[in-house]
Amino acid sequence: MQKTGLVLEGGAMRGLFTSGVIDVMLEHHIKYDGMIGVSAGAAFGCNYKSLQIGRALRYCKRFAKEPRFCSLRSFLTTGDFFGGKFCYHTLPEKLDVFDTQAFAENPMEFTIVSTDIHTGKPVYHLCSEINYDAYEWIRASSSMPLASRIVTVDHIAMLDGGISDSIPLEYFENAGYKRNVVVLTQPEHYVKSPNSMMPLIKLKYRKYPKLIEAMQNRHIVYNQQVKYVAKAETEQRAFVIRPSETLPIRHMTHDPELMQKVYDMGRETALKALPQLLEFLK
């Protein structure tokens, strides 16, 4: 039997669309052999393995205006717009507790994608249990350039996985997952443009030329990956769920109603696609 996989793109708060999609999948008891998440796809997607429906939306809305969650104050005092300690340790350990036992007992494999700042290449980490280092892997995957500190885990210095592998469908296929569901956070025909912040990126990360090169080429790689996904979709080895229009949210927001709206768009899209999705997986 072919192994089934779930591939989750990032996109910061656009990831709430993904949260809506995967909550519908959880409600319909859809299981995968493996899941791979990039950036917000990892940070929100981990709730799929822990079976916690609604958790991502709940804590985003609850802490939408909490400075330690996401704010300029957090950036100026810690170096992270999304507070590293608060978001990836205090919140899941104390405030909206992550179900580490359910995560460990779920046999679905979970891979987190980050970018090695020294090589500019993706790092793929298989996460089987949740502990301090696992939270740090998720933080590394979600650490947007300029907006976050570099994260070091297992002696690897890393930033956002989207820099090097935004949509890791090809990687997952090569890893043995031959039938994949891909959740994107950009609409069909979206084309990424060159990064307008490159002058500042070159200045800040001048010690890491391979990282600069990866970021300079990111739009080219991303657009190639979108074409790869479209080809896989045409050849019916991938089922793609994407928003029908550009999501009305930026990377960051403090508006709980907007968070709910984007989440609901994900739910509606998933419910509409559900019959075809179940047929694909069958």
- Of all the accessible heavy-atom surface of the chain, with the other protein chains kept in place and a 1.4 Å probe, what percent is carbon and sulfur? 53
- Amide H partners (placed H, <5 Å) of R179, local residues excluded: K3, G5
- Heads up, I need the accessible area for L57: 1.4 angstrom probe, whole protein in place, Å², nearest 10. 20
- the stretch 89-134: projected area of the alpha-carbon convex hull, averaged over directions, in nm²: 3.9
- Note on the structure: Taking only protein heavy atoms and a 1.4 Å probe, the highest-to-lowest accessible-area order of R250, R68 is R250, R68
- Roughly how many Å² of I241 are accessible to a 1.4 Å probe, to the nearest 10? 10
- Item | Radius of gyration and Dmax over the Cα atoms of the stretch 45-125, both given in Å | 14.8, 40
- Note on the structure: Computed over the stretch 153-213, the distribution of all Cα-Cα distances in 5 Å bins, rounded to whole %, is 4, 12, 16, 20, 17, 16, 10, 4, 0
- Query: To the nearest 10 square angstrom, how much accessible area does V226 have with a 1.4 angstrom probe?
  - Reply: 40
- Solvent-accessible area per residue, Å², over the stretch 1-66 with all protein chains present [probe radius 1.4 Å]: 31
- Query: Taking only the alpha-carbon positions of the stretch 1-105 and ignoring solvent, what does the Debye formula give for the base-10 log of I(q)/I(0) at q = 0.13 Å⁻¹?
  - Reply: -0.49
- Query: What are the chymotrypsin sites (Phe, Trp or Tyr not before Pro) within the stretch 144-212 that DSSP puts in a loop, where the Cβ has at most 16 other Cβ atoms within 10 Å?
  - Reply: Y190
- Gyration tensor verdict on the chain (Cα atoms; rounded if a/c is under 1.5, prolate if a/b is larger than b/c, oblate otherwise): rounded
- Message: Filter K49/K227; K192/K272; K178/K272; K178/K231 down to the pairs with a C-alpha to C-alpha distance above 19 Å, please.
- Response: K49/K227; K192/K272; K178/K272
- Expressed as a whole-number percentage, the relative contact order of the chain with C-alpha contacts under 8 angstrom and at least six residues apart is 27
- Query: Is the shape of the stretch 95-186 rounded, prolate or oblate, going by the alpha carbon gyration tensor and its root eigenvalues a ≥ b ≥ c, with a/c under 1.5 for rounded and a/b larger than b/c for prolate?
  - Reply: oblate
- Note on the structure: Counting only DSSP loop positions in the stretch 170-225, the trypsin sites (Lys or Arg not before Pro) whose Cβ has at most 14 other Cβ atoms within 10 Å are R206, K207
- Query: Using heavy-atom solvent-accessible surface (probe 1.4 Å) with all chains present, what is the largest-first order of T78, T18, T152, T90?
  - Reply: T152, T78, T90, T18
- Message: Looking at the chain, identify the longest residue range that excludes and avoids all GluC sites (Glu not before Pro) in DSSP loops having at most 12 other Cβ atoms within 10 Å.
- Response: 1-128
- Message: With the cut-off at 1.5 for a/c, could you classify the stretch 174-279 from its C-alpha gyration tensor as rounded, prolate or oblate?
- Response: oblate
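The values are calculated or read from the model by the stated rules, or taken from the named source; none is laboratory data. As the structure is a computational prediction, the values presented were derived from the model and not from experiment. Counting neighbours? That spans all protein chains shown, and the Cβs are built from the backbone with ideal geometry, glycine included. Please note that ligands, DNA and RNA were not included when accessible areas were found on the heavy atoms of the full protein model with its side chains. Shrake-Rupley method; radii C 1.70, N 1.55, O 1.52, S 1.80 Å.
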